[in-house]
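The values are calculated or read from the model by the stated rules, or taken from the named source; none is laboratory data. Since the model is a prediction, treat every value here as computed from it, not as a measurement. Here Cβ is always computed from backbone atoms with ideal geometry, including for glycine, and neighbour counts include all displayed protein chains. Each accessible area value is taken on the protein alone, full model and side chains, heavy atoms only, with ligands, DNA and RNA left out. Shrake-Rupley method; radii C 1.70, N 1.55, O 1.52, S 1.80 Å.
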Amino acid sequence: MTTFVDRVELHVAAGNGGHGCASVHREKFKPLGGPDGGNGGRGGDVILVVDQSVTTLLDYHHSPHRKATNGKPGEGGNRSGKDGTDLVLPVPDGTVVLDKQGNVLADLIGEGTTYIAAQGGRGGLGNAALASARRKAPGFALLGEPGHAGDVILELKTVADVALVGYPSAGKSSLISVLSAAKPKIADYPFTTLVPNLGVVTAGSTVYTIADVPGLIPGASQGKGLGLEFLRHVERCSVLVHVLDTAALESERDPVTDLDVIEAELAEYGGLENRPRLVVLNKVDVPDGKDLADIIRPDLEARGYQVFEVSAIAHLGLKELSFALAKIVADARAAKPKDEATRIVIRPKAVDDAGFKVVVEDGFYRVLGEKPERWVRQTDFANDEAVGYLADRLGRLGVEEELTKAGARAGDEVVIGPEDDAVVFDWEPTMSAGAEMLGRRGEDHRFEAPRPAAQRRRERDAGRDEAEAEYDAFKPF
């Protein structure tokens, strides 16, 4: 059974915002006491968080669909809906988040680093929040926005200082086991290492991590063997260590050829040209291995490599190798630019930026912009008053004016939103949909409904006025 996964496709969906509530306060002697509908709750986010205790993406391989909870709808009595719960997904240190096209969205390094993979939708406003001096009793509320949903790719790139590379069975796993406390699976057949192994090494005052990458073979950069799958794990390392087998049983192989093949694969993969390199001649405890090491060492040093002869089994040359790696790692850390506090950059919008644009397309006009698209999503088109409110908002934003400038005429087709999520209107200038039922904007005809008590009071007052008028007409001078 697979126990290590370093690349998954994750399907994330944030929670939808709760709908606002359209409610009128009612109590004895106050049949219409004013709007008191509460706002809907915010939908939960899907958040990726680096957790040092997590070392694989296996959980998301088995369960790739993750969804946060929805916000609750608002209620009467000015009660707002409960916000949805954020879904927090722990990921290993070094996880890279990409979109379907391969663009990097986030590089998560360091405990606690977070990234919002899907943002929850806003809750809709209730009619109490929509009330104003012009619209005293709204008979509608705004709908909650749908949460963001999409697919992201998670790739794990091991965060290590040193990477051991080489052919299968070159002794990389044995070397990491004696340099650190790591306990990798070791055997004498190819591809023993199927997953990267990490170990922590202490050399003097320097503590660094070392990674054992699965064996590379010719064609690894094109996907042959296991190399391509794990070459990404060497990208973050400060130094590459070529582990060469001086006691290989294959007669057609020799350490120098192995080195050239691995270097060709690294060059084909790209991005590793400037990394420092060391060469480790392993298995010198074998007589033939020691003789071969003595023969090829001058050639490797002539190429500019620093060469170490070691034996993981006999524990030969390990101390010198460990301190040499520690020096390179320390120098790389010292040369690394110091982390600066994140600067907060404020980019105010231009004064004349309306936040939308009108695009003339074949036979219709398309309105694109964050505000109008959000307002359309939050409108209940089954409610004429809500449609009228949308028309007011679009008018105040300047959409009608821009449509007129673009040449739109009454009856032309106007589309608000992108192609996959658009609403189509037959445009009428100074649109007043819903105003027929309202009379003047901001008033509600329901308050004009006949009330028996008020009618009797008006009739009584009218009778009293009539009696007083008769008395005034016949009273003596």
Enumeration of residues in segment 38-50 that are in contact with a strand residue (DSSP E or B) (Cβ under 8 Å, 6 or more places away or on another chain) and buried (at least 18 other Cβ atoms within 10 Å of the Cβ) | Gly38, Gly44, Asp45, Val46, Ile47, Leu48, Val50
Expected single match for crowded, with 16+ Cβ neighbours inside 10 Å, over 25 Å from Leu266 (Cβ atoms) and small (Gly, Ala, Ser) among Gly110, Gly123 is Gly123
Residues within segment 5-34 that are among the β-branched types (Val, Ile, Thr) and open to solvent by 20 Å² or more (accessible area, probe 1.4 Å), tallied = 1
Spans of strands (runs of 3 or more DSSP E) in segment 44-139 with at least 3 residues of a type in the set (Val, Ile, Thr) | 46-50, 95-98
Of the residues in segment 398-410 that are among the aliphatic types (A, V, I, L, M) and over 11 Å from Lys357 (Cα atoms), the one that is most open to solvent (accessible area, probe 1.4 Å) is Ala410
Please identify the pairs in which a residue from segment 144-158 that is more than 20 Å from Thr95 (Cβ to Cβ) and touching a residue at least 12 places away in the same chain (Cβ under 8 Å) has its Cβ atom under 7 Å from the Cβ atom of a residue that is of a type in the set (S, T, N, Q) and surrounded by 19 or more Cβ atoms within 10 Å (Cβ to Cβ), counting only partners at least 6 apart or on another chain.
-> Gly144/Asn16; Glu145/Gln378; Pro146/Asn16; Gly147/Asn16
For Asp285, state whether it is surrounded by fewer than 18 Cβ atoms within 10 Å (Cβ to Cβ) and part of a helix (DSSP H, G or I).
-> no
Give the residues of segment 353-395 that are open to solvent by 50 Å² or more (accessible area, probe 1.4 Å), out of contact with any helix residue (DSSP H, G or I) (no Cβ under 9 Å at 6 or more places or on another chain), over 18 Å from Pro138 (Cα atoms) and not in a strand (DSSP E or B), sorted by residue number.
-> Asp353, Asp362, Gly363, Glu370
Would you check if there is a residue in segment 289-299 being touching a Lys or Arg at 6+ places or on another chain (Cβ under 7 Å), open to solvent by less than 80 Å² (accessible area, probe 1.4 Å) and farther than 25 Å from Ala335 by Cα?
-> yes
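Per-residue answers, yes or no, for (1) open to solvent by 50 Å² or more (accessible area, probe 1.4 Å); (2) basic (Lys, Arg):
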residue: Leu58; (1), (2): no, no
residue: His61; (1), (2): yes, no
residue: Lys67; (1), (2): yes, yes
residue: Glu75; (1), (2): yes, no
residue: Gly81; (1), (2): no, no
residue: Thr85; (1), (2): yes, no
residue: Val88; (1), (2): yes, no
residue: Thr95; (1), (2): no, no
residue: Lys100; (1), (2): yes, yes
Which residue pairs have Cβ atoms closer than 9 Å, lie 6 or more positions apart in sequence or on different chains, and pair a first residue in segment 312-326 that is modelled with pLDDT under 90 with a second residue that is assigned to a helix (DSSP H, G or I) and polar (S, T, N, Q)?
-> Ala312/Ser173; Ala312/Ser174; Ala312/Ser177; Ile313/Ser174
Identify, please: which residue in segment 411-428 is of a type in the set (Asp, Glu) and in a loop (DSSP other than H, G, I, E, B) and is, among those, least open to solvent (accessible area, probe 1.4 Å)?
-> Asp412
Qualifying positions in segment 140-154 - in contact with a Gly (Cβ under 9 Å, 6 or more places away or on another chain) and not in a loop (DSSP other than H, G, I, E, B) | Ile153
Does any residue of segment 252-266 turn out to be over 35 Å from the mean Cα position of the chain (by Cα), loosely packed, with under 12 Cβ neighbours inside 10 Å and in a loop (DSSP other than H, G, I, E, B)?
-> yes
